[in-house]
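This report concerns only the one structure given below.
The values are calculated or read from the model by the stated rules, or taken from the named source; none is laboratory data. Being a predicted model, the structure only gives us computed values, none of them experimental. Because the Cβ atoms are built from the backbone with ideal geometry, glycine has one as well, and the counts that use them run over all protein chains shown. Keep in mind that these areas ignore ligands, DNA and RNA; they rest on the heavy atoms of the full protein, side chains included. Shrake-Rupley method; radii C 1.70, N 1.55, O 1.52, S 1.80 Å.
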Amino acid sequence: MRRSLPFFAGTALALVLVLSAPAVADDGDGGFTIKDPRITESSGLAASHLHPGVYWTHNDSDDGAYLYAVDSKTGETVATITMSGVGAPRDVEAISIGPDGHLYVGDIGDNLGGTWSYVWIYELPEPKVLKDQTIRATQYVVKYADGARDAEAMMVHPKTGRVYIVDKNEDGGHLYEGPAQLSASGTNVFRRGPAIDLWTTDGAFSPDGKQLAVRGYFGGISYDWNGGKIKRQGRLSVPLQGQGESVTYSADGAKLLYGSEGAGSGVAAESVPGGGESSASPSKSGGSAAADGGGGDMNADFKVGALALAVGLAAVFGIKRLLRKG
């Protein structure tokens with residue numbers, strides 16, 4: 001997304017961030033701050049498979065075909081990858097790593113509100129050596145079976161390698177399933193699947209492929225993957241961020257890391273529901289999820305109140321229309 005939301009962040013969220021934002025630590029998977037001044041619109045996040053403690057990210061628009069490897073212990077960029085063979089990216093919104101160890105980059109956003117007839121996915125091997133370099137990527141053309149749409153969440157299943165997209169819709173979107181294998185010579189049609197009850201800005205599979213986490217601006221949902229017939233597990237305790245854009249599991253599956261746009265943006269870590277990647281039970285500490293239908297904890301209730309405040313201010317000042325543009 002290209003919007004900066006200065007008023008939104010400065011009014012609605014400022015009232016709650018002071019009280020609720022978690023501290024950002026410089027201890028790797030415990031959270032970190034992105035220090036590279038070039039990274040001002042971090043829209044996707046993926047934990048490296050080859051380099052412990054390294055996370056891949058990218059800007060979303062007007063940057064170029066670049067990927068950045070960020071050391072979570074220092075927040076510094078340790079490698080910049082230039083993708084060749086992909087043309088000029090339009091609105092890069094997501095990044096994921098497949099079971100083949102390849103990076104998949106989702107140029108799937110649509111700042112025109114879902115009018116582009118096709119979008120792209122780029123695939124390239126994760127480099128074995130972290131250094132500034134150019135890597136040739138494969139470009140895939142993507143269309144949706146039911147027409148053009150805006151999307152910001154793209155996930156590659158860590159066992160099957162199949163690519164999924166969740167479209168971005170204020171009233172909730174759907175999980176779209178790609179073909180079993182992407183084709184570089186034809187159009188890859190993604191077909192609508194189960195509903196996702198969230199205005200989704202990113203998603204991620206757990207490393208074992210058993211859970212799907214999706215996030216939005218004000219919250220998130222954990223799903224049991226269930227072979228693609230997803231079952232809702234409960235709420236995720238998404239930290240309040242100025243413009244929450246990304247989520248990924250840590251490499252060991254123990255944490256969910258949430259990123260935000262903006263210069264010097266923070267990446268916050270939260271425990272996975274149940275304390276591990278394959279558990280379906282809510283966190284005993286109440287800090288990661290609350291079971292559906294249960295009596296939510298104080299943290300969840302506070303964030304529901306924060307959401308109500310933000311929505312109220314949006315209605316008064318017309319921010320809703322501004323948000324819909326991205």
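Within the range 184-195, count every residue that is over 14 Å from I230 (Cα atoms), open to solvent by 50 Å² or more (accessible area, probe 1.4 Å) and either in a loop (DSSP other than H, G, I, E, B) or not polar (S, T, N, Q) (or both). Selection size over the range 184-195: 4. Screening L240 with (1) touching a Phe, Trp or Tyr at 6+ places or on another chain (Cβ under 6 Å); (2) farther than 21 Å from E123 by Cα; (3) of a type outside the set (D, E) gives one miss only, at (1). Selection of the range 205-218 for residues being open to solvent by 10 Å² or more (accessible area, probe 1.4 Å) and out of contact with any helix residue (DSSP H, G or I) (no Cβ under 7 Å at 6 or more places or on another chain) yields F205, P207, D208, K210, Y217.
If you go through the range 69-123, how many residues are of a type in the set (S, T, Y) and within 22 Å of D150 (Cβ to Cβ)? Number of matching residues: 6.
Applying the criterion of being open to solvent by 50 Å² or more (accessible area, probe 1.4 Å) and of a type in the set (S, T, Y) to the residues of the range 117-153, the residue that is nearest to T248 (Cα to Cα) is T138.
When Y176 is tested against the conditions (1) in contact with a strand residue (DSSP E or B) (Cβ under 6 Å, 6 or more places away or on another chain); (2) not in a strand (DSSP E or B), the lone failure is (2).
Could you say whether any residue in the range 286-299 is surrounded by fewer than 19 Cβ atoms within 10 Å (Cβ to Cβ) and modelled with pLDDT of 50 or more? No, because not a single residue in the range 286-299 is surrounded by fewer than 19 Cβ atoms within 10 Å (Cβ to Cβ) and modelled with pLDDT of 50 or more. Out of G87, G114, G109, one residue alone is assigned to a loop (DSSP other than H, G, I, E, B) and either open to solvent by 30 Å² or more (accessible area, probe 1.4 Å) or touching a Pro at 6+ places or on another chain (Cβ under 9 Å) (or both). It is G87.
May I ask you to verify whether L257 is over 17 Å from K168 (Cα atoms), part of a strand (DSSP E or B) and open to solvent by less than 30 Å² (accessible area, probe 1.4 Å)? Judged against the criteria, L257 is a match.
Considering the conditions (1) in a loop (DSSP other than H, G, I, E, B); (2) free of Cβ contacts under 8 Å to residues at least 60 places away in the same chain; (3) within 17 Å of the chain's Cα centre (by Cα), Y122 is excluded by exactly one of them, (1). Close contacts from the range 38-66, counting a first residue that is farther than 15 Å from E93 by Cβ and a second that is charged (D, E, K, R) and buried (at least 17 other Cβ atoms within 10 Å of the Cβ), with Cβ to Cβ under 7 Å and a gap of 6+ residues or different chains, come to S48/E126; H49/E126; L50/E126; G53/D71; V54/D71. The set of residues in the range 45-84 that are open to solvent by 30 Å² or more (accessible area, probe 1.4 Å) and among the aromatic types (F, W, Y) contains only Y66.
Checking the range 199-211 against the condition returns a match, with at least one residue being β-branched (V, I, T) and in a loop (DSSP other than H, G, I, E, B). Scan the range 188-226 residue by residue and report those that are closer than 18 Å to G147 by Cβ and touching a Phe, Trp or Tyr at 6+ places or on another chain (Cβ under 7 Å). If the condition is that a residue be closer than 18 Å to G147 by Cβ and touching a Phe, Trp or Tyr at 6+ places or on another chain (Cβ under 7 Å), then N188, F190, R191, R192, G193 are the ones that fit.
Among the candidates V129, V92, V105, which residue alone is more than 21 Å from the chain's Cα centre (by Cα) and closer than 23 Å to I39 by Cβ? Write out each step before concluding.
Details: V92 fails: more than 21 Å from the chain's Cα centre (by Cα); V105 fails: more than 21 Å from the chain's Cα centre (by Cα).
None of the other options fit; the residue is V129.
Residue pairs whose Cβ atoms lie under 7 Å apart, sitting 6 or more positions apart in sequence or on different chains, and linking a residue in the range 216-242 that is free of Cβ contacts under 8 Å to residues at least 12 places away in the same chain to a partner that is assigned to a strand (DSSP E or B), are K231/Y223; K231/D224.
Quick check on L198: is it open to solvent by less than 10 Å² (accessible area, probe 1.4 Å) and either out of contact with any Pro (no Cβ under 7 Å at 6 or more places or on another chain) or within 18 Å of G227 (Cβ to Cβ) (or both)?
no
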